[in-house]
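Chemist: One structure follows; several queries about it will come next.
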Amino acid sequence: MKNRKTRLAGILGASLLLAACGTSGTNSAAPPGAQGFTPPKLEALKALGQPEGQLNVLAWPGYAENGSNDPKVNWVTPFEQQTGCKVNVKPFGTSDEAVTLMKTGQYDVVSASGDASLRLVASGDAEPVNTALVPNYADVQPFLKDKSWNSVGGVSYGIPHGWGANLLTWRTDKVAPAPTSWSVMFDANSPYKGKVIAYDSPIYLADAALYLMAHQPDLGIKNPYSLDDKQFTAAVNLLKQQRPLVSEYWSDYLKESQALKNADAVVGTAWQVTVNLTKGEGAPLESAVPSEGATGWSDTWMVAAKSAHKTCAYKWLDYIISPKVNAQVAEYFGEAPANTKACAEMTDKTLCDTYHANDAGYASKIAYWTTPIPQCLDGRTDVKCKDYGEWTKAWTEIKG
Amino acid sequence: MTAFSAFFYRKPRLRLGFLLSAPLLWLGLAYLGALAALFVTAFWHTDTFTGQIAIEWSLDNFKTLFSDAVYRTITLRTVGIAALVTVIDAVIAFPMAFAMAKLASPRAQRILVIAVMTPLWASYLVKAYAWRSMLSGNGALSWLSPGYGVTATIVTLSYLWLPYMILPIYAGLDRLPDSLVDASGDLGAKSFRTFRSVILPLTFPAIVAGSIFTFSLSLGDYIAVKIVGGTSQMLGNVVYDNIGAANNLPFAATVATVPVVIMLVYLAAVRRTGALDNL
């Protein structure tokens, strides 16, 4: 019965199309809520009550550490002591796993990337968040607030946590001159054939679309996550053309680090944490956001609509983005913290510069992960866009 | 208690049924039940927007499986890898098993069996990653394979499943009476002739028994190919991606029926050789 309700809510959300308008660039230009669907009507919490004594957290690995991985890395226990909310942490590996687990209704808060957050909003699994009840929200970077992946129709659905870009990285001893374009990874005549390493996920199609935005403007791609038939085929073809250049696809960042260290791959797409790790082991590595821009992630803490521990949930939201904890997480995971005051709390003061935490210009160059849905995210209503299911099928086909 | 045993002693059929009921229940529910559930799921589909499984019967998943060339390619690649791994393992395992069973002293035999099994005590992942660094561009065995890819996968899987081939062949050769080999020599057969006409026919079922392990284990593997396979993917990866990334359980179930069917065909063919008595 519960499931059926959720499904009906989702279908309702899908069918009520907004005649969304306006040009929506991938970046800051998108008006909040132009996603082409209306979420189920849910109310945000009005006021905090007494902490309920328990909290079930669904988090990316490294976001809610309770000392079980490394006794020195623990910010969950201090939270329990402060609030009396006993925390159960469940880590997840992919955005899809997070969405599936949230549907069970057993979790109170989730750290959702952009390719999960909208789905949770649309299906009614996540409810709006009353930011007035989260004092630390005032210190969150302005360029992270009211974005298409954390707000719908001007209503906030979560608290920004941290972000990062999928960078172009290369070995300075093998790749010269330093590349300024993704073309070293996509061009059929790339001199680094057989030494390219690419990300192993259907969402990587967006990287190809982003490249086409700059190199084939006549395709008219406005947002790399909303591709119609023709644009989608072009992106798929670009990746098929890329495949002979690729030595490996990575989904485990340690595997990529090793390939770069051994020079089995000399150029590829990587996370900041991978670059730091590999450089730390002595490999001559450099990274940058190329001229075409880059894809990336921006994570949001969301509250489950069915949560029975909402006061504890809001306490967690406020705690996890408090300057000190936000700094700890960002440092441990390797990303830019959302809280402007977090930089002062880092043990390594250079990290905020490395991650460009205060650089709104840098942040606006990133096309953040978003779930492709049939309703075009860029506001077009005359065509149907390819949904994530089709992205996945195409990805299998690209790898062959 | 006596009455109890006497009762079952008088009724042997009931006794058999009683003893078999627990394992049969396990087989029926946990094993065949799971397979049946898998097969049924393959006819459903997933609502792409909400991610819920929609219980509507259709053959669409199977249509996709047969009409898209990519799944044919992946199936053929997977079967090819599994077949090559099996052949390589058989070629390496036979001389080793022969030396263990016929040439080594009884004491050395025991030590060799333990030595063959030792790698099975180490973690699968450790072994796969060890091969990853050995096959890397500046690794110790980089000459074995041109970078990561299908060749590297075959090499790694051959290493991983070798003990499963050696042990059945060793058992088969151990059962082969020395007198038959001697008799063949007495009748004037040279060593190759003895091997071809006496040893090979008698141990063939054992080789086939080993091949069931190596073939089925390779058929279902998706981790080694992720670690050393470069850009290539096998059937297991398609299943994994459809569950992990696409949340499309029904299509994953459809793809998962492919290795099941291949193994059923293989086992049916193998049954005729009598290899199933050697397992």
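Chemist: Please specify each residue of segment A:342-366 satisfying the condition of being surrounded by fewer than 16 Cβ atoms within 10 Å (Cβ to Cβ) and of a type outside the set (Asp, Glu).
Modeler: A:344, A:347, A:349, A:350, A:354, A:358, A:360, A:361, A:364
Chemist: Residues of segment B:228-248 being modelled with pLDDT of 85 or more and closer than 14 Å to residue B:38 by Cα, which ones?
Modeler: B:239, the sole residue that qualifies.
Chemist: With the condition being of a type in the set (Asp, Glu) and over 30 Å from residue B:152 (Cα atoms), I'd like the helices (runs of 4 or more DSSP H) fully within segment B:7-99 carrying at least 1 qualifying residues.
Modeler: B:60-67
Chemist: Right, something else. For residue B:39, are the conditions met, namely being modelled with pLDDT of 90 or more and either within 14 Å of another protein chain (Cβ to nearest Cβ) or surrounded by 12 or more Cβ atoms within 10 Å (Cβ to Cβ) (or both)?
Modeler: It is false that residue B:39 is modelled with pLDDT of 90 or more and either within 14 Å of another protein chain (Cβ to nearest Cβ) or surrounded by 12 or more Cβ atoms within 10 Å (Cβ to Cβ) (or both).
Chemist: Another question, if that's okay. Could you tell me which numbered condition residue B:198 fails, if it satisfies all but one of (1) more than 14 Å from chain A (Cβ to nearest Cβ); (2) out of contact with any Leu (no Cβ under 6 Å at 6 or more places or on another chain); (3) surrounded by fewer than 20 Cβ atoms within 10 Å (Cβ to Cβ); (4) hydrophobic (A, V, I, L, M, F, W, C)?
Modeler: Failing condition for residue B:198: (2).
Chemist: Go over the candidates B:44, B:26, B:57 one by one and state the one that is on the phi < 0 side of the Ramachandran plot, crowded, with 18+ Cβ neighbours inside 10 Å and of a type in the set (Phe, Trp, Tyr).
Modeler: B:44
Chemist: Restricting attention to segment A:371-400, and to residues there that are touching an Asp or Glu at 6+ places or on another chain (Cβ under 6 Å) and facing chain B (nearest Cβ under 8 Å), which single residue is surrounded by the most Cβ atoms within 10 Å (Cβ to Cβ)?
Modeler: Among them, the one singled out is A:373.
Chemist: Taking segment A:225-255 only, how many residues are aromatic (Phe, Trp, Tyr) and out of contact with any Asp or Glu (no Cβ under 7 Å at 6 or more places or on another chain)?
Modeler: 3
Chemist: Then there is this: Which numbered condition in (1) within 14 Å of another protein chain (Cβ to nearest Cβ); (2) among the small types (Gly, Ala, Ser); (3) more than 30 Å from residue B:149 (Cβ to Cβ) is the only one that residue A:344 fails?
Modeler: (1)
Every residue, every condition in (1) β-branched (Val, Ile, Thr); (2) assigned to a loop (DSSP other than H, G, I, E, B); (3) closer than 30 Å to residue A:45 by Cα, yes or no:
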position	(1), (2), (3)
A:149	no, yes, yes
A:176	no, yes, no
A:190	no, yes, no
A:198	no, no, no
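Chemist: Separate question: Could you list, in sequence order, the residues of segment A:223-261 that are more than 11 Å from chain B (Cβ to nearest Cβ), touching a Leu at 6+ places or on another chain (Cβ under 9 Å) and of a type in the set (D, E, K, R)?
Modeler: Within segment A:223-261, A:230 is the sole residue that qualifies.
So that you can scan it fast, the table gives a plain yes or no per residue for (1) surrounded by 12 or more Cβ atoms within 10 Å (Cβ to Cβ); (2) closer than 20 Å to residue A:330 by Cβ:
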site	(1), (2)
A:43	no, no
A:70	no, yes
A:74	yes, yes
A:77	yes, yes
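Chemist: Take segment A:135-156 and flag every residue that is of a type in the set (A, V, I, L, M, F, W, C) and either surrounded by 21 or more Cβ atoms within 10 Å (Cβ to Cβ) or touching a residue at least 40 places away in the same chain (Cβ under 8 Å) (or both).
Modeler: A:140, A:143, A:144, A:149, A:152, A:155
Quick grid of which residues meet (1) modelled with pLDDT of 90 or more; (2) of a type in the set (S, T, N, Q); (3) not in a strand (DSSP E or B):
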{"site": "A:254", "(1), (2), (3)": "no, no, yes"}
{"site": "A:260", "(1), (2), (3)": "yes, no, yes"}
{"site": "A:268", "(1), (2), (3)": "yes, no, no"}
{"site": "A:274", "(1), (2), (3)": "no, yes, yes"}
{"site": "A:279", "(1), (2), (3)": "no, no, yes"}
{"site": "A:292", "(1), (2), (3)": "yes, no, yes"}
{"site": "A:297", "(1), (2), (3)": "no, no, no"}
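Chemist: Further question on the same structure: Is at least one residue of segment A:287-296 more than 17 Å from the chain's Cα centre (by Cα) and buried (at least 23 other Cβ atoms within 10 Å of the Cβ)?
Modeler: No, that holds for no residue.
Chemist: Could you grab me the full set of residues in segment A:282-331 that are among the charged types (D, E, K, R) and closer than 24 Å to residue A:358 by Cβ?
Modeler: A:286, A:292, A:299, A:318, A:324, A:331
Chemist: Turning to a different aspect of this structure: Residues of segment B:86-100 being touching a residue at least 24 places away in the same chain (Cβ under 8 Å) and hydrophobic (A, V, I, L, M, F, W, C), which ones?
Modeler: Answer for segment B:86-100, where residues must be touching a residue at least 24 places away in the same chain (Cβ under 8 Å) and hydrophobic (A, V, I, L, M, F, W, C): B:88, B:90, B:92, B:93, B:94, B:96, B:97, B:98, B:100.
Chemist: So is residue B:78 closer than 30 Å to residue B:162 by Cα, surrounded by fewer than 16 Cβ atoms within 10 Å (Cβ to Cβ) and within 14 Å of another protein chain (Cβ to nearest Cβ) or not?
Modeler: Considered against the rule, which asks whether it is closer than 30 Å to residue B:162 by Cα, surrounded by fewer than 16 Cβ atoms within 10 Å (Cβ to Cβ) and within 14 Å of another protein chain (Cβ to nearest Cβ), residue B:78 comes out as no.
Chemist: Now a separate question. Quick one: count up the residues across segment A:340-354 that are more than 17 Å from residue A:321 (Cα to Cα) and either under 19 Å from the mean Cα position of the chain (by Cα) or among the charged types (D, E, K, R) (or both).
Modeler: So the answer is 4.
Chemist: State all residues of segment A:245-293 that are small (Gly, Ala, Ser) and free of Cβ contacts under 8 Å to residues at least 40 places away in the same chain; if no residue qualifies, say none.
Modeler: Hits for segment A:245-293 are A:257, A:280, A:282.
Chemist: Given the condition touching a residue at least 24 places away in the same chain (Cβ under 8 Å) and either in contact with a Pro (Cβ under 8 Å, 6 or more places away or on another chain) or not in a loop (DSSP other than H, G, I, E, B) (or both), answer yes or no: does some residue in segment B:189-201 qualify?
Modeler: Scanning segment B:189-201, I find at least one residue that is touching a residue at least 24 places away in the same chain (Cβ under 8 Å) and either in contact with a Pro (Cβ under 8 Å, 6 or more places away or on another chain) or not in a loop (DSSP other than H, G, I, E, B) (or both), so the answer is yes.
The values are calculated or read from the model by the stated rules, or taken from the named source; none is laboratory data. Worth saying up front: this structure is predicted, and the values here are computed from it rather than measured. All Cβ positions, even for glycine, are placed from backbone atoms using ideal geometry, and neighbour counts span all protein chains on display.
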